[in-house]
Amino acid sequence: MNVADSQRVASALEGLGYTPEARAENADVIVMNTCVVRQSAEDKAYGRLNSLIPVKRARPEVVINLMGCLVGVKGHETLKKRFPQVDVFSPPSDPGPLLAYLTQDESKAHEDAETSRRFAMMDGNLTLPVYEQGNLVSAHVPVVLGCSHACTYCIIPYKRGIERSRPVGDIVAEVRSLAAQGVKEITLLGQIVDRYGKDIPDGPNLAALLRLVHEVEGLERIRFLTSHPNWMTPELLDTVAELPKVMPHMEVPVQAGHDEVLENMRRGYTADDYRRLIQQIRVRIPGASIATDIIVGFPGETEAQFQATYDLLAELQMDVAHLARYSTRTGTVADRKMVDDVSDEEKWRRYRLLEELQEGLATEIHGRLLGETVEVLFEEKVKGRWRGRTPTNKLVFVESDNDLRGQVLPVQITWTGPWSMQARLTRQLSINPIFSSADIAQLP
Ligand code: SAH
């Protein structure tokens, strides 16, 4: 979601005539987008913010914009005092405050237009890849903003506000414009993307939205994330199976494998409900890959309860498991009503056990693809190799001197590991001829 938000700001700045700059120290406008889903992310954001103090001191005219979940939707008075180097504060997904700040002084904007102005995008980790118009193969399109599901561990609803589905017309227009710029793949985003439209009376649901987006010319692939198990309807799964551009890959977090933990998390389903859903996905979308999220060390999680999560992951054989150690977020229900009683050391131990399990599972799942031919959408060249993804979202690297950017090509898998694969280009798959050349010679 943050990558999408950053892209949104970057393209708005490009619209004002700014050009991307990789090094924050050299930019006229520095946008720092932040995540606070776990303490580690929040700490990184503070570290990066502090690194901007000397930049602001050396060049007071530089504009520093702090954006995202550190700011949130409820005002920023304390942040303003704590980080005086920041000029503008923006809530998640909203380029508005920065644009207003940059355009408030018309004469200055005019004067600046004479010189070239540069902007840099940063997040808690590193400088984000710059958004280069016309160069983007895969783009993210937020369709549901905010979240209203009160998972007890989660800070997102407090920071991104209540759930709001974007109007279908806006989404389709945005996808059309991206496709016209050469974007081949879009990922529709929402904290609970499968709730799309539920807050709009008589609005389309996600299945209907997928159908509309599927019509957009030039687009090759459509994905969506993240889904909550309770809203993945048979209709949605069948739509994914039916529409050729919608990729067979589901991101559907389980979070824990024991019913009591799931209840304490207020997820709204049992482990058996989740099992049935996974089976449904596999029946209705043959060959689908499935990714899940798991939190270890939730308040009160016993060894036996953790074991239930371990066993569920082993049983369901997921393609990907995004793992996290529970991190208390101030103000959440878990923070107010539960005790963070699993030690850090124990959280790490459980995390490593799952990591090891998943590494084995993924190695096995990917191993089955060795020698197979799959279609890859190529995105960019990294350290001499082209990087792309299969329909099932597996990372593939291919050596080629040709420009493969934005192309969907068949490749043969030559090496597989737990996190990525290598492949070689095969000849273009030949299409079954309707007539043979002999037939054609005999045509009247
Ligand atoms: N809205 C999505 C994703 C939320 S954030 C969903 O409902 O699944 C991405 C992941 O971060 C979550 O799936 C969860 O596994 C993890 N996460 C969220 N809050 C956390 C916390 N307080 N501590 C540790 N991990 C957390």
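The values are calculated or read from the model by the stated rules, or taken from the named source; none is laboratory data. Everything numeric here is computed off the predicted structure, so don't read it as measured data. Neighbour counts run over all protein chains shown; Cβ positions are idealised from the backbone, glycine included. Surface accessibility is based on the protein's heavy atoms, side chains included, excluding ligands, DNA and RNA. Shrake-Rupley method; radii C 1.70, N 1.55, O 1.52, S 1.80 Å.
Tabulated results
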| item | result |
| --- | --- |
| Debye, to nearest 20: dipole size of the chain, +1 on Lys, Arg Cβ, -1 on Asp, Glu Cβ | 480 |
| Ranking by accessible area, most exposed first, for 374, 36 with a 1.4 Å probe | 374, 36 |
| For residue 178, solvent-accessible area (1.4 Å; no DNA, RNA or ligand), Å² | 20 |
| Equivalent ellipsoid semi-axes, the stretch 278-349, via Cα gyration tensor eigenvalues times 5, rooted, Å | 29, 14, 10 |
| Protection-proxy order for peptides 254-263, 338-347, each taking the mean of Cβ atoms within 10 Å per residue, highest first | 254-263, 338-347 |
| Leading residue at positive end of dipole, the chain (Cβ point charges), from 51, 360, 313 | 51 |
| Helix-only mean residue ellipticity at 222 nm for the chain, each DSSP H run of n ≥ 4 adding -39500 (n - 2.57), per residue, nearest 500 | -11000 deg cm²/dmol |
| Solitary cysteines of the chain, where the nearest other Cys Cβ is not under 4.7 Å | 35, 69, 147 |
| Segment residue 346-residue 82, length gained on full extension (0.36 nm per residue, minus Cα span) | 91.6 nm |
| FRET E, pair residue 176, residue 25, Förster distance 60 Å, beta-carbon r, rounded to 0.05 | 0.95 |
| Candidates 410, 418, 286: whichever shows maximal mean-square fluctuation once the chain is modelled as a Gaussian network with Cα springs under 10 Å | 286 |
| Rg/Rg_globular for the chain, with Rg_globular taken as 2.2 N^0.38 Å and Rg from C-alpha atoms | 1.06 |
| Accessible area of residue 411 in the full protein assembly, 1.4 Å probe (Å², nearest 10) | 0 |
| Separation in nanometres of the label points that stand 7 Å from Cα toward Cβ, at residue 385 and residue 101 | 4.1 |
| With all protein chains modelled, accessible area of residue 302 [1.4 Å, Å²] | 60 |
| Translational diffusion of the stretch 221-284, µm² s⁻¹ [Kirkwood Rh, Cα pairs; Stokes-Einstein; 37 °C; 0.692 mPa s] | 262 |
| Computed E for residue 215/residue 302 - FRET, C-beta separation, R0 45 angstrom, nearest 0.05 | 0.35 |
| Candidate residues 177, 90: accessible-area rank, largest first, probe 1.4 Å | 177, 90 |
| Protection proxy ranking, peptides 43-53, 135-145, average beta carbon neighbours within 10 Å, highest first | 135-145, 43-53 |
| Alpha-carbon Rg/Rh ratio, for the stretch 130-367, with Rh computed the Kirkwood way | 0.98 |
| Entries in 74/159; 44/74; 184/245; 159/347 that, when Cα-Cα distance is taken, lie over 18 Å | 44/74; 159/347 |
| Sum of side-chain charges, residue 21 neighbourhood, beta-carbon under 11 Å (Lys, Arg +1; Asp, Glu -1) | +1 |
| FRET efficiency estimate (nearest 0.05) - Cβ-Cβ, residue 164 to residue 235, R0 30 angstrom | 0.85 |
| Given charges at Cβ of Lys, Arg, Asp, Glu: the stretch 248-406 dipole, positive-most of 342, 304, 402 | 402 |
| Computed lengthening from residue 39 to residue 357, 0.36 nm per intervening residue step minus Cα-Cα distance | 111.9 nm |
